[in-house]
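Working notes, beginning with the structure itself.
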Amino acid sequence: MITDQFDVAIVGGGVSGIYAGWRLLESALEGSVFADRVNGNGKPLTVGVFEVSQRLGGRLMSVQLPGQEDTPAELGGMRFLESHQRVFQLVKHLGLEYKDLPVADPNNSTLAYLRGKHFRASDLGNLDFEPPYRLDRTERGRTPGSLLIEVALRHVQEAEKLRDVGFWNLLLDEMSLESYQFLREAGGYDTLVHNWSAAEAIPFLLADFAPDAIYLALKAGFQSLPLQLAKRFVKAGGTIHSQHRLHRLDERTDGEFTLTFDTGAPSANYRYRQVAQEKICRARHVILAMPRRAIELLHPESVPFKIAGFESNLESVLPQPAFKIFAAYRRPWWKEMRDVEAGRSVTDLPIRQCYYWNTVEKTIKSEKTGKEEVIGMPSCLMASYSDGASVEFWSGLARQAPRYSPSPGVCPPGVPIPDNLQNLSASTALVEQLHAQLRELHALPELPASSPESVPRPYCVVSQNWMQEPFGGGWHFWKIGVNAAAIERRMRQPDPDKALYICGEAWSRQQGWVEGALETTEDLLQKELRVPAPDWLNLK
């Protein structure tokens with residue numbers, strides 16, 4: 001039985017889906033495919049967004065840790081560039097506050113621990129420094145970022161001709177194996193230097209590793225962007241349906257669609273259908289704002305899989321493993337013990353990248369001496385940001401029971417551990433391994449907990465594995481040999497005779513960024529649905 005009817009049903013409550021719904025309801029539609037709603041019966045456009053979970057935002061997940069309410073932990077996407085025109089202009093249009101997100105430390109004290117050797121990360125660009133790699137003479141004195149930029153600049157003019165070349169293959173043609181290992185380990189990312197399309201890797205890296213790149217973050221967390229859009233979407237007349245997992249999409253004889261949803265809390269195993277209650281909706285137009293893996297989980301008889309060439313286009317992008325761990329501490333021991341305040345340290349240990357997310361200190365007057373002294377306050381690390389092979393290391397530990405329970409002595413006075421973090425709380429096994437690797441990265445010995453020089457245990461640890469269903473990965477990269485521009489066009493509307501559309505970061509030319517998600521969504525709205533560009537967006 002069909003319970004609801006929509007002009008547009010949008011499946012996916014991430015930034016692409018919410019943005020699409022908001023734009024549709026706040027745009028002039030006279031010249032669009034929805035002109036009949038303006039010039040005909042005059043009824044308002046009905047748009048519904050359907051989300052499988054109870055949470056909006058998709059791979060934007062901002063979590064408020066206890067005692068860290070002013071600085072959200074970004075378990076998903078965390079930053080954007082000022083050159084990301086769609087995101088930057090949208091943030092300003094919505095009036096969202098933003099700030100710089102440094103990757104360098106004002107004290108120049110961030111660390112590197114590679115191949116068993118400790119040093120400062122700033123040493124990597126020093127000609128007099130001997131890194132633990134057998135680099136050629138011409139490769140020394142370069143940071144990982146500068147080495148990547150040099151390769152990219154040598155090929156930027158011919159990037160489109162490198163469609164059939166893997167980036168890993170290109171790098172090994174350009175540098176020694178030791179230099180490549182240096183890039184992978186000291187750069188902090190496995191996936192960036194693996195074998196994805198060199199034609200897409202080159203422009204990506206020129207933006208991400210530009211010497212003058214300034215990273216920005218939203219003060220209220222990146223998830224506040226889709227949440228603010230959702231508020232405006234609902235105010236404009238849209239509806240949001242949480243805990244609706246699209247099971248099957250069918251085409252009706254009149255050209256419209258029926259969408260069969262499983263409602264209620266989704267099964268832990270997305271491969272198997274456990275129906276709490278089935279709901280069937282009807283829609284004139286359907287937008288799948290979903291990543292590759294979520295689309296693959298649809299019933300194989302769904303409409304997209306009947307379109308010639310669709311599955312090949314779907315598989316033209318590769319989901320990339322990503323895992324994040326945040327740890328909150330009673331005091332910022334990294335500042336006290338290693339004089340690190342901000343930025344990131346890197347290592348070839350599975351934690352890979354450690355960001356000093358929130359270092360808080362305050363000055364008080366000592367009751368004993370009457371002198372001012374600095375004391376540490378509750379602070380937070382993005383203790384591990386890993387991709388590639390390291391993800392399975394952490395996901396194995398994350399599956400183990402029991403959950404981590406801090407001892408009372410490590411908890412700040414009056415700071416409770418809220419129940420709503422329990423589904424993200426890390427396992428004891430994961431926290432123990434994290435603690436050991438953080439000590440090793442920072443060259444700090446294991447001491448009895450009672451020692452004032454020991455590294456304290458965290459009072460709260462949360463983690464997120466983006467390989468979990470239905471995401472399949474933290475971001476996507478184009479396969480070697482595919483024509484990304486052509487596939488991006490085909491995925492927007494896989495069959496020109498069907499009102500079925502797809503958008504999202506996966507099939508953009510700026511993969512891994514919210515900018516890519518907005519790029520494909522805006523292209524879909526303007527080029528396929530003929531919705532006019534918004535007044536606030538000025539692409540240069």
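Charges on Cβ only, +1 for Lys and Arg, -1 for Asp and Glu, centred on the Cα centroid of the chain; of V52, L170, A217, which one is farthest towards the dipole's positive end?
Comparing the listed Cα positions along the dipole, V52 ranks first.
Would you kindly state how much longer the chain becomes between K527 and T138 on full extension, computed as 0.36 nm times their sequence separation minus their alpha carbon distance, in nm to one decimal?
Gain in length upon complete extension: 135.3 nm.
Test of understanding: express the Cα radius of gyration of the range 450-496 as a ratio to 2.2 N^0.38 Å, with N the residue count.
The reported ratio for this selection is 2.30.
In Å, what Kirkwood hydrodynamic radius results for the chain from the alpha-carbon pair distances?
The Cα-based Kirkwood calculation yields 24.9 Å.
With everything on Cα atoms, drop me the angle between helix 224-235 and the longest principal axis of the chain, reported from 0 to 90° to the nearest 10.
30 degrees
DSSP beta bridges in the chain, what fraction antiparallel, as a percent rounded to 5?
70 percent
Need one number: nm distance between label points at Q157 and S454, each 7 Å from Cα along Cα→Cβ, rounded to one decimal.
6.2 nm
Find out how many positive minus negative residues lie around V151, taking Lys and Arg as positive, Asp and Glu as negative, among other residues whose Cβ is under 13 Å from that of V151.
Local net charge: -3.
Does anyone have the angle between helix 514-523 and the longest principal axis of the chain? Alpha-carbon axes, 0 to 90°, nearest 10?
The answer is roughly 10 degrees.
Once label points are set 7 Å from the Cα along Cα→Cβ at both E174 and R282, what is their separation, rounded to one decimal in nm?
Calculated label separation equals 5.6 nm.
Quick one: Cα centre-to-centre distance for the range 146-202 and the range 388-438, in angstrom?
35 Å
For the modelled label position 7 Å from the Cα of T3 along Cα-to-Cβ, which residues of the range 227-244 have backbone nitrogen atoms closer than 16 Å?
The answer is 239-244.
What does the extension gain come out to for A401 and S425, with contour length at 0.36 nm per residue minus their alpha carbon separation?
Working: separation 24, 0.36 × 24 = 8.64 nm, distance 1.11 nm.
Using 0.36 nm per residue and subtracting the Cα-Cα distance, I get 7.5 nm.
For K235, go through the lysines and keep the ones whose alpha-carbon is under 21 Å away, minus same-chain ones fewer than eight residues off.
Here the lysines satisfying the reach criterion relative to K235 are K43, K92.
Taking Cα pairs under 8 Å and at least six residues apart, what relative contact order does the chain come out at, in percent?
22 percent
Mind listing which GluC sites (Glu not before Pro) in the range 26-102 are in a DSSP loop and have 10 or fewer other Cβ atoms within 10 Å?
Those satisfying the criteria are E69, E97.
Suppose R0 equals 30 Å. What FRET efficiency, 1/(1 + (r/R0)^6) with r the Cβ-Cβ distance, do T363 and K219 give to the nearest 0.05?
0.80
Any idea what % of Cα-Cα pairs in the range 296-423 are farther than 26 Å?
Distances greater than 26 Å cover 49 percent of the Cα pairs.
Cross-chain or 8 or more residues apart, Cα under 21 Å: how many lysine pairs in the range 283-396 fit that? Count them up, please. Intermediate results must be reported in sequence, preceding the final value.
Numbers: K335/K362; K335/K365; K335/K371; K362/K371.
Close lysine pairs under the 21 Å cut-off: 4.
What is the ratio of the Cα radius of gyration of the range 133-214 to 2.2 N^0.38 Å, where N is its residue count, to two decimals?
Normalised by 2.2 N^0.38 Å, the Cα Rg of the range 133-214 equals 1.01.
Please compute P(r) over all alpha-carbon pairs of the range 50-95, binned at 5 Å starting from zero, and give each bin as a whole-number percent.
P(r) over the range 50-95, rounded to whole percents: 5, 17, 16, 23, 23, 13, 3.
Could you work out the helix-only [θ] at 222 nm for the chain, with each DSSP H run of four or more residues adding -39,500 (n - 2.57) and the total divided by the number of residues, to the nearest 500 deg cm²/dmol? Kindly include the intermediate steps, with their values, before the conclusion.
Values: 15 runs with 137 residues, N = 540.
Counting only the DSSP helices, I get -7000 deg cm²/dmol.
In whole percent, what relative contact order does the range 16-138 give with Cα contacts below 8 Å and a gap of six or more residues?
Working: 71 pairs, mean separation 12.2, N = 123.
With pairs under 8 Å counted, the relative contact order is 10 percent.
Multiply the residue gap between Q468 and D212 by 0.36 nm, knock off their C-alpha separation, and tell me the result in nm, one decimal place.
88.7 nm
Using only the Cα atoms of the range 456-540, what do you get for the radius of gyration and for Dmax, in Å?
Every Cα atom of the range 456-540 included, Rg and Dmax give 17.0, 62 Å.
Each reported figure results from applying straightforward, stated rules to the coordinates on display, with no laboratory input. Being a predicted model, the structure only gives us computed values, none of them experimental. Cβ coordinates were reconstructed from backbone atoms using ideal geometry, including for glycine residues, and neighbour counts include every protein chain displayed.
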